[in-house]
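Student: One structure, pasted below without further comment.
Every read-out reported here was derived from the displayed coordinates using simple, explicitly stated rules and does not represent laboratory data. Not measured: the values here are computed from a predicted model. Cβ atoms come from the backbone with ideal geometry, glycine included; neighbour counts cover every protein chain shown.
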Amino acid sequence: MLDQISEQVYFILSRSFDSNITFIKTGNHEILIDAGTGLYTSNLNEDLQTLGSSIQSITDIVLTHCHIDHIGGIIPVLEAGSPKLYLHEAEAEPINQGDMSQTLGDTFGVDLPPFKIDVLLNEGDVLDFNEVKLRVFHTPGHSAGSIIIEIEDTGILLTGDTLFPGGSFGRVDFPTGSPEKLVDSLRRISEMQFEIGLPGHMNAMKYNARQSAMSSYKMAKQWFKT
Ligand SMILES: [Zn+2]
Ligand SMILES: [Zn+2]
């Protein structure tokens, strides 16, 4: 399901085990935030075609973290075109050294070919795509290199697998997960100013997403007794 969030931002709700995917079209950049498992890339391509785009024309793929349900889809997009790949350095460095263990590919029986991340992200980075500027916040907890992304001046926050709607949040029992760090990251998000939250799974938080962040923070704090 393709949902237009703002003039340049489209939210593509997950198919099966895929992550949600956000598509941003701005000037000469066509950007994906997360890429799904890769099992449904032909459906993604059909969605993009309705917007006058396609997987061939994707210029940039920004990953909220390195789990297979978010990054598997970069492989068919890399085969179709030549997008630049972005990932937090904590997860990009192992991948660039050929260590794919943090992607959970093994756990889910998926064999990812090696690839290189072009841009290693850090807290405070701003990716400048002309009219659209993406600000990176490092929010570890679900995984060591999880980030959330603010689309500047829009009130839209891409929350990856850190913050989900309805008081929920990402699991912390995968390698490099940390309940303490997740609670701290959720506290940080709950103090941010934003209206719309686009999570890595489940539905968009279209109204009062900050309220949603506050309930997730409270729930996580209680759940993990931190
Ligand atoms: Zn996920
Ligand atoms: Zn994940």
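Student: Please tell me which of these pairs span more than 19 angstrom C-alpha to C-alpha: 84/133; 181/206; 181/225; 84/181; 25/133? All intermediate terms of the calculation are to be shown ahead of the outcome.
Tutor: Numbers: 84/133 16 Å; 181/206 26 Å; 181/225 13 Å; 84/181 29 Å; 25/133 12 Å.
Cα-Cα > 19 Å for 181/206; 84/181; rest within.
Student: Now for a different question. Just report the Cα centroid separation between region 79-155 and region 180-226, whole Å.
Tutor: Result: 20 Å between the Cα centres.
Student: Whats the longest run of the chain with zero chymotrypsin sites (Phe, Trp or Tyr not before Pro) that are DSSP loop and have at most 13 other Cβ atoms within 10 Å? Please list the in-between numbers first.
Tutor: On the way: sites that count: 108, 207.
It works out to 1-107.
Student: Separate question: From the phi angles alone, apply the Karplus equation (6.51, -1.76, 1.60; θ = phi - 60°) to region 119-131 and give each ³J(HN,Hα) in whole Hz, x where the residue is Gly or Pro.
Tutor: After applying 6.51 cos²θ - 1.76 cosθ + 1.60, I find 10, 8, 8, 9, 3, x, 4, 10, 8, 9, 10, 6, 5 Hz.
Student: Any idea what the relative contact order of region 2-224 is, in percent, if you count C-alpha pairs under 8 Å spaced at least 6 apart? Each step should come with its number before you reach the end.
Tutor: Numbers: 512 pairs, mean separation 32.5, N = 223.
Over region 2-224, the number comes to 15 percent.
Student: Read phi for every residue in region 196-213 and hand back ³J(HN,Hα) as whole Hz from Karplus 6.51 cos²θ - 1.76 cosθ + 1.60, θ = phi - 60°, with x for Gly and Pro.
Tutor: The phi angles translate into 10, x, 10, x, x, 9, 6, 7, 5, 9, 8, 10, 6, 5, 5, 4, 4, 4 Hz.
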